[in-house]
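Nothing in this text is a laboratory measurement; each read-out follows from the coordinates by a stated rule. Keep in mind the model is a prediction, meaning the values are calculated, not measured. Here the Cβ is made from the backbone with ideal geometry for all residues, glycine too, and neighbour counts use every protein chain on show.
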Amino acid sequence: MANIEGGNPDRIALIEMHCNTSYTSYGMFLQEARSRWYWYPPPYWYNGAWYRAYPWLWYDGDPHAAYTYANWGNLINQRLTVPAPFTITMWGDWNPALGTGTIYAQFRNDSTEALTGNVLFVVTEDSIYRVVPNGDQWHNHVARDYLPTYIGETVTIPAGDSLTLSRTFALDTEWNPDMINFVTWIQDTLMQPDSVIEIWQGGQLDITELGVHELGNTGIAAMNITTTPNPCVNGTRFSFILTAGEKYRIGIYDITGRKIWELDGIASGTEENIEWNLQTDKGSRVSAGIYLYHFESNNIYTTGKVVVR
């Protein structure tokens with residue numbers, strides 16, 4: 001008795017929304033999931049009226065998968081072939097002792113026009129063993145918490161630009177922390193005539209991929225580096241947060257691996273915004289193409305790419 005929402009052309013991200021109140025006694029009913037279910041128009045026409053039925057699959061905002069399990073796999077596979085206008089990069093940190101942390105997601109608009117969408121974050125749990133009345137024993141992708149609510153946040157991202165959002169979370173002591181995943185997606189705000197509210201892209205991050213961070217009284221959680229805008233035309237900005245006094249280094253390399261620009265610095269303890277004007281150390285402007293960056297500090301060691309148009 002679940003609705004499954006999600007899926008994306010790059011990496012499948014599923015959410016199983018147990019919306020029947022009878023699941024309360026099994027520890028899997030979530031009122032936010034039921035509210036999210038009712039956020040969609042009812043997809044099931046029967047005996048002269050529209051109904052919501054379960055199980056039911058919404059695949060990337062399309063409600064027409066019906067309740068026939070056999071059809072779901074093909075529909076999801078077909079959707080995987082559809083190009084996505086967004087790229088999502090996720091990271092985060094948490095304190096296992098407290099069960100709290102922060103999830104970050106960068107949404108990059110790879111299309112040629114500004115897009116306005118609704119962004120949602122959800123905590124899910126896998127491998128829950130509960131024997132329920134319909135005979136199911138194992139439950140995966142179960143929605144545990146919407147961050148902060150099931151309504152989400154509406155954003156507008158210009159073509160070629162990106163936006164980074166963050167959400168704090170707190171794990172319930174009844175959840176298995178080893179089975180936690182974080183899911184995010186960006187979805188159209190307009191409903192199509194056939195009741196489809198298209199999801200443009202989704203992402204999923206396993207808790208094992210988070211950085212472990214124990215906060216002191218004055219500690220600041222280290223976050224991954226972000227580049228905005230990316231792709232870029234006139235320049236890009238590297239944004240990150242490190243503990244005050246921590247040294248960092250940013251290096252830019254061309255596609256052959258030759259270093260063309262480097263910057264050393266010392267963190268202030270607040271968000272750093274380092275501009276690269278697309279020039280080399282010798283003062284010449286780089287040509288259009290793909291460039292690699294390497295960021296190194298005591299807490300972060302990461303690489304990525306910058307697309308110059």
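Contact order normalised by length for the chain, with contacts defined as Cα pairs under 8 Å and 6 or more residues apart; what percent is it?
Working: 723 pairs, mean separation 48.0, N = 309.
Reported as a whole number, the value is 16 percent.
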Checklist entry - Mean separation of Cα pairs under 8 Å and 6+ residues apart, divided by the residue count of the stretch 74-172: what relative contact order is that in percent? => result 33 percent
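Nearest 0.05, what FRET efficiency do Asp206 and Arg130 give at R0 = 22 Å with Cβ-Cβ as r?
On the way: r = 22 Å, r/R0 = 0.98.
Here the calculated transfer efficiency is 0.55.
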Checklist entry - How long is the stretch 1-136 along each principal axis, judged by its Cα atoms, biggest number first, in Å? => result 44, 43, 24
Checklist entry - How far, in nm, would the chain grow between Thr168 and Ile255 when pulled straight, counting 0.36 nm per residue and subtracting the alpha carbon separation? => result 27.7 nm
Item to check | Bins of 5 Å, starting at 0 and running to the largest distance - Cα pair percent for the stretch 226-308 | outcome: 3, 15, 28, 26, 16, 9, 3, 0
Checklist entry - Each residue of the stretch 121-128 in order: what ³J(HN,Hα) in whole Hz does its phi give by Karplus 6.51 cos²θ - 1.76 cosθ + 1.60, θ = phi - 60°, with x for Gly and Pro? => result 10, 9, 8, 10, 10, 9, 6, 8
Checklist outcome for this item: Checked the stretch 128-276 against the a/c 1.5 cut and the a/b vs b/c comparison, axes a ≥ b ≥ c from its Cα gyration tensor; verdict oblate
Next on the checklist: I'd like the orientation of helix 69-79 relative to the chain: the angle between its Cα long axis and the longest Cα principal axis, in ° from 0 to 90, rounded to 10.
Outcome noted: 30 degrees
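Quick one: of the DSSP bridges fully inside the stretch 226-308, what percent are antiparallel, nearest 5? It would help to have the intermediate numbers written out before the result.
Values: 30 of 31 bridges.
So the antiparallel bridges in the stretch 226-308 amount to around 95 percent.
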